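Engineer: Quick one: the structure is below, questions incoming.
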Amino acid sequence: MTTAQSPRPVPKRSRARTLVPLAVAVWLVLEIWLLTVVAEAAGGFTVLLLLVGAVVLGAVVMKSAGRRAFQNLTETLQRQQSPGTAPPEGATGSTGNGFLMLGGLLIMLPGLITDVLGLLLLVGPVRTALGRYTERSLERRMRAAGPGTLGDAFQQARMRQPDGKVVQGEVIKEDGTPARHPEDEGPRPPLTP
């Protein structure tokens, strides 16, 4: 006797998986169209100079942001090693370094729209406002997520696999001590054929 299995429901496609490829395609078409319009108006050589200049400017911005981030990291580590020292007045820490690097990357990408977005990220007040918005958004999402750790979230995601049968428990040896994980034993010997 055979039993009929009900077919698995097809998961609904998320909005992001639908809209992101569409947005990338629209962005690419807009960039190409804008480059051709500028090339017709100013000439192809001018567009080439703009693109090369943007790559150089983006690289300089990313390099300076990287140096600043490394300097902030070094200062933080030095302050942690000598706990008596206070941070210098007006120390901003790593505030804005990520957005500076993103701005440099956007400037380096070929296209005029990405250049404008990258140049906007070089403006201090824009970076600050974007940083505050990002921080508020992350805090809101973290509060909505509720208590728990990343490991708990991973375990819950693993338990919800349609075909994954996970039984939570603990292995106990015959002598009553909990079993150790293989990761606790140190490095494993190499596999031999």
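Readers should treat all values here as calculations from the given coordinates under stated rules, not as data from a laboratory. This is a predicted model, so every value here is computed, not measured. Cβ placement follows ideal geometry from the backbone for every residue including glycine, while neighbour counts extend to all protein chains displayed.
Engineer: Under a point spin-label approximation (7 Å from Cα along Cα-to-Cβ), what is the V38-L77 distance to one decimal in nm?
Structural biologist: 4.0 nm
Engineer: Moving to a separate point now. Between beta-carbons, use under 15 Å as the cut-off and find the net charge around V123, counting Lys and Arg +1, Asp and Glu -1. Walk me through the intermediate numbers first.
Structural biologist: On the way: positive: R127, R132; negative: D115.
Net local charge, V123 excluded: +1.
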